[in-house]
1. Determine whether THR69 is within 25 Å of PHE323 (Cβ to Cβ), modelled with pLDDT of 95 or more, of a type in the set (Ser, Thr, Tyr) and in the same structural domain as ALA119 (by TED's automatic domain parsing).
2. Name the pairs whose Cβ atoms lie under 7 Å apart, with the first residue in the stretch 248-264 and without any contact (Cβ under 8 Å) to a residue 24 or more places away in the chain, the second surrounded by fewer than 14 Cβ atoms within 10 Å (Cβ to Cβ), and 6 or more positions between them or separate chains?
3. Going through ALA177, ALA145, ALA194 one at a time, which residue ends up being under 19 Å from the mean Cα position of the chain (by Cα) and farther than 17 Å from THR286 by Cα?
4. Return the residue satisfying two criteria in turn: it lies in the stretch 8-46 and is touching a strand residue (DSSP E or B) at 6+ places or on another chain (Cβ under 9 Å) and β-branched (Val, Ile, Thr), and of such residues it is surrounded by the fewest Cβ atoms within 10 Å (Cβ to Cβ).
5. Which numbered condition in (1) in contact (Cβ under 8 Å) with a residue 60 or more places away in the chain; (2) touching a strand residue (DSSP E or B) at 6+ places or on another chain (Cβ under 9 Å) is the only one that ILE117 fails?
6. Any residue in the stretch 241-251 that is surrounded by fewer than 17 Cβ atoms within 10 Å (Cβ to Cβ), in contact with a helix residue (DSSP H, G or I) (Cβ under 9 Å, 6 or more places away or on another chain) and of a type outside the set (A, V, I, L, M)?
7. For the stretch 177-191, give me each residue that is within 15 Å of ARG321 (Cα to Cα), part of a helix (DSSP H, G or I) and not hydrophobic (A, V, I, L, M, F, W, C).
8. So which of LEU207, LEU280 ends up being crowded, with 20+ Cβ neighbours inside 10 Å and modelled with pLDDT of 95 or more?
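The values are calculated or read from the model by the stated rules, or taken from the named source; none is laboratory data. Only a predicted model underlies this, so the values are computations on that prediction, with no experimental measurement involved. Don't worry about glycine lacking a Cβ; one is built from the backbone with ideal geometry, like all the others, and counts go over all protein chains shown.
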Amino acid sequence: MNTYQRIVLAARPQGEVLPEHFRLESVPVPPVGEGQVLVRHQYLSLDPYMRGRMSDAKSYAAPQPLDETMIGGTVGQVVESKNPRFAVGDTVVGMGGWAEMSLSDGAMLRKVDTTHIPASAYLGAVGMPGMTAWYGLNHIMKPKAGETVAVSAASGAVGSIVGQLAKLKGCRVVGIAGGSEKCAYVVDELGFDACVDYKAGNLRADLKAAAPDGIDAIFENVGGEVFDAALARTNAFARIALCGMIAGYNGEDIALKNVRTLLTNRILLQGFIVTEHMELWPQGLTELGQLLAGGKLKFRESVAEGLAAAPEAFIGLLKGRNFGKQLVKLA
């Protein structure tokens, strides 16, 4: 019997995620029923939101079930189809999870063209991370030319796109990232105006120097001390797109000291979940695809080899070890 490998959630982490919270297992390849599609995955996406799903605490989405394939975005090729919308050989993006293969009814599958855009980019710059950046910038931050935009986790899959899109709108863009290598990439490769290394120990002073005229809009991925420092530099009527709080994903304290600033500067703070705005995805993905194909958007990937490498790569992602979009190459 044909089998494929998958990784399931074996236990819920209390605090830090460890390899033993996952289990690699072989399962039979399922038969393809009427209307279904069997996909062999080429790449698996690893993203910070997965840490929240591993908990059974109340949240915006149902928790990841134990002993089931870990949730995750995938891009791959159709190997068998009984669905008229998909043919064998089609490249498709979906939520196949941490597995070498998946069976789909086609509802969550999207056929993509890899002529000018590599398949892996559909999990990053022209996928959910790119859409997250596009939505937060255009629908919450709404920056005008000449304004100063701050982006935390600036070298990551989302932050790197936010900054480039803001530069295309004529903004001054200040990134915040961990380490001199990531900061150099953000400025030299992505074209940000400045990047503050929060690991250097002078976060507030360095941010003040990088944003001497204050900050008009923030794209927040980190929370905690990084967010607090940016809040202290805000101008009146600043807008904040709250995307992630990765600093607190393992239960750390992310309390803010500068909460008063929200009032005194009349700040708009909006948390958002990009999958709640699916009606905008066609527009956003079209724009991102055109920019990428036209050489106006750059992206970087960290690629782990083989499904078994996924847990360690995910743990590294939560600790900031990845550089750009974290992927697992499966085929």
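1. Judged against the criteria, THR69 is not a match.
2. none
3. Just a single option satisfies the conditions, and that option is ALA177.
4. VAL27
5. It is condition (2) that ILE117 fails.
6. yes
7. Result: SER180, GLU181, LYS182, TYR185.
8. LEU207
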